[in-house]
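Below: the structure, in structure tokens.
The values are calculated or read from the model by the stated rules, or taken from the named source; none is laboratory data. All values reported here derive from a predicted model rather than from experimental measurement. Note that we place each Cβ from the backbone using ideal geometry, even for glycine, and neighbour counts take in every protein chain shown.
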Amino acid sequence: FAIDGLKKYGFTRQANEMFNKMLDHAAGFTGSDPLYENYNPLTGEGLNTPFFSWSAAHLLMLLCEQDKGDEK
């Protein structure tokens, strides 16, 4: 939600930086580890429920938005 909000208020560079940090550091966003319900904001460690569908759905939404931005 923070990434989307930053973009809506014109902070596209910061939103893209946050998105890339999330992909690089959050457990399960790359590789074969599961996606989690929550993440530690300092370490990226997955917390609570693994294999959480809302996290996967939100990641897909962000990736689709990134693709749309690349087309412009």
For this session: With the condition kept exactly as written, say whether any residue in segment 3-23 is in contact (Cβ under 8 Å) with a residue 12 or more places away in the chain, of a type in the set (A, V, I, L, M) and touching a Lys or Arg at 6+ places or on another chain (Cβ under 8 Å).
Result: yes
Seminar exercise, completed: If we take the chain, then helices (runs of 4 or more DSSP H) inside it with 2 or more residues that are modelled with pLDDT of 80 or more and in contact with a helix residue (DSSP H, G or I) (Cβ under 6 Å, 6 or more places away or on another chain) are 2-8, 12-25
For this session: Scan segment 2-26 for residues that are surrounded by 11 or more Cβ atoms within 10 Å (Cβ to Cβ) and over 11 Å from the mean Cα position of the chain (by Cα) and jot them down.
Result: Leu6, Lys7, Phe11, Thr12, Gln14
